[in-house]
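Asks: One structure, as structure tokens, below. Some questions next.
The values are calculated or read from the model by the stated rules, or taken from the named source; none is laboratory data. These numbers were taken from a predicted model, which means no experiment stands behind them. Positions of Cβ are backbone-derived with ideal geometry, glycine not excepted, and every protein chain shown enters the neighbour counts.
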Amino acid sequence: MKMRFSLIGPLFLGVILISCGEMSERERAIQAIDLNVRVERFDRVFAQASPDDLDSIKRAYPLFFPTQYPDSVWIAKMSDTLQLAIEEAVLDVFSDDALIAEQSRDLLRHIQYDFPNFVPPNVVTTTSDVDYKTRVIANQGWLILMLDNYLGTEHRFYSGLPRYVAKNLRPQMLFSDVATAFGRKFVPPPSERSFLAQMIYYGKLLYLKDLWLPETTDADKIGFTREELNWAFENEYFIWQYFLTQEYLYSTNSRLKNRFIDPAPYSKFNLDLDNETPGMIGQWIGWQIVRRYMSNNEIDLNTLMNLSAQELYHGSGYKPAK
């Protein structure tokens with residue numbers, strides 16, 4: 001089989017899953033939700049603090065002061081050159097508290113509309129010494145945003161990171177990552193070990209972003225560049241045929257996750273032009289299958305979240321055109 005790899009193709013900014021009128025009705029209902037979101041800027045509080053303020057800060061934000069660390073650790077951090085540089089960069093990029101609050105409110109309203117039992121958390125911003133593997137924490141009652149992981153792809157703090165990582169360390173990805181973190185609360189992990197089950201799991205997470213981030217581009221939902229997104233749409237048929245001919249769908253080979261699901265500089269088809277492909281192409285295919293299913297079936301979100309990968313795939317009628 002010959003796969004066509006091309007970076008030339010139309011720019012797809014998103015798939016409109018509902019008609020404009022219905023979407024407007026949905027959005028009006030979401031905007032009518034009375035939700036007050038207050039963003040606590042712990043990063044700013046700590047940046048402006050002196051050692052004399054430490055006791056009061058610890059009382060106000062005990063979450064950020066593990067008891068096993070003595071006060072000397074925090075006092076030293078207040079004057080650490082790198083910490084000061086990180087704090088300055090964060091305050092420069094994220095100077096508008098109102099904008100963070102508005103974006104938080106908008107996303108949390110969407111989640112609450114779709115899952116009425118969802119309890120919106122307290123939102124707190126902090127820094128993490130550029131721990132890019134933990135950018136957002138969404139747990140019981142708290143949404144913690146590690147803002148030093150969103151300073152911009154070309155920021156000097158990211159110069160030593162792989163390009164496929166640094167490309168998504170930008171402000172536009174903050175609430176895409178937040179949506180992923182909350183999506184994991186509603187999408188059960190796959191009970192099957194098949195490659196198809198892995199693709200569908202991530203497809204459901206990305207479909208929630210279609211609903212929760214209606215103004216976000218597809219590229220920012222999944223973390224592709226515009227060129228990578230174009231490549232995926234242009235080559236969708238060939239990617240799918242490759243998975244079918246290699247009999248990957250029901251394979252439980254764990255290496256397939258590394259090749260096509262996990263973040264990576266490129267997907268591993270074991271072809272000469274692999275480096276032209278985006279990583280995580282299996283997630284993207286799973287997304288298209290879930291979208292196709294929802295365009296052909298009328299079910300509620302709770303049912304979708306618990307639908308098995310095989311039932312969803314067969315009910316989708318997914319068959320990309322050549």
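Asks: Which numbered condition trips up R193, out of (1) in the same structural domain as L143 (by TED's automatic domain parsing); (2) farther than 24 Å from P265 by Cβ; (3) out of contact with any helix residue (DSSP H, G or I) (no Cβ under 7 Å at 6 or more places or on another chain)?
Replies: R193 satisfies every listed condition except (1).
Asks: Enumerate the helices (runs of 4 or more DSSP H) found wholly within the stretch 171-234, keeping only those where 2 or more residues are within 21 Å of N117 (Cα to Cα), among the acidic types (D, E) and modelled with pLDDT of 95 or more. It would help to see each step written out before you state the result.
Replies: Details: elements: 174-186, 195-212, 218-222, 226-234.
Passing ranges: none, list empty.
Asks: Name the residue that is nearest to W212 (Cα to Cα), counting only residues in the stretch 126-176 that are among the hydroxyl-bearing types (S, T, Y) and more than 17 Å from the chain's Cα centre (by Cα).
Replies: That would be T126.
Asks: Next question. Across the stretch 248-305, what is the total count of residues that are farther than 30 Å from Y113 by Cβ and not small (G, A, S)?
Replies: Counting residues in the stretch 248-305 that are farther than 30 Å from Y113 by Cβ and not small (G, A, S) gives 26.
Asks: Considering only the stretch 203-211, I want to know if a residue exists there that is under 30 Å from A29 (Cβ atoms), out of contact with any Gly (no Cβ under 8 Å at 6 or more places or on another chain) and not assigned by TED's automatic domain parsing to the domain that holds N168.
Replies: yes
Asks: Is one or more of the residues making up the stretch 184-195 within 30 Å of Y318 (Cα to Cα), of a type in the set (D, E) and crowded, with 17+ Cβ neighbours inside 10 Å?
Replies: no
Asks: What's the total number of residues in the stretch 141-170 that are in a loop (DSSP other than H, G, I, E, B) and either farther than 19 Å from R41 by Cα or modelled with pLDDT of 95 or more (or both)?
Replies: The number of residues fulfilling the criteria is 14.
Asks: Is it the case that the stretch 259-276 has a residue that's under 23 Å from K209 (Cα atoms) and either touching a Cys at 6+ places or on another chain (Cβ under 8 Å) or outside any loop (DSSP other than H, G, I, E, B) (or both)?
Replies: Yes.
Asks: Return the residue satisfying two criteria in turn: it lies in the stretch 29-43 and is among the charged types (D, E, K, R) and part of a loop (DSSP other than H, G, I, E, B), and of such residues it is surrounded by the fewest Cβ atoms within 10 Å (Cβ to Cβ).
Replies: D34
Asks: Residues N230, N253: which one is loosely packed, with under 15 Cβ neighbours inside 10 Å and not assigned by TED's automatic domain parsing to the domain that holds R135?
Replies: The unique qualifying residue is N253.
Asks: Any residue that is among the aliphatic types (A, V, I, L, M), closer than 30 Å to D131 by Cβ and at pLDDT below 95 - is there at least one of those in the stretch 65-80? Give the derivation first.
Replies: Taking the stretch 65-80 first, the residues among the aliphatic types (A, V, I, L, M) are 73, 75-76, 78.
In the following step, the residues that additionally are closer than 30 Å to D131 by Cβ were identified as 73, 75-76, 78.
Among the residues that remain, those that are also at pLDDT below 95 are: none.
Within the stretch 65-80, not a single residue is among the aliphatic types (A, V, I, L, M), closer than 30 Å to D131 by Cβ and at pLDDT below 95.
Asks: Sticking with this one: Restricting to helices (runs of 4 or more DSSP H) lying wholly in the stretch 65-132: which have 2 or more residues that are charged (D, E, K, R) and in contact (Cβ under 8 Å) with a residue 24 or more places away in the chain?
Replies: Working: elements: 71-78, 81-93, 97-114.
Output list reads 81-93, 97-114.
Asks: How many residues, within the stretch 290-322, are assigned to a helix (DSSP H, G or I) and over 18 Å from T180 (Cα atoms)? Step through it out loud before you land on a result.
Replies: Start the filter on the stretch 290-322 by keeping residues that are assigned to a helix (DSSP H, G or I), which leaves 290-296, 301-306, 309-316.
Still in the running and over 18 Å from T180 (Cα atoms): 292-296, 303, 309-316.
Selection size over the stretch 290-322: 14.
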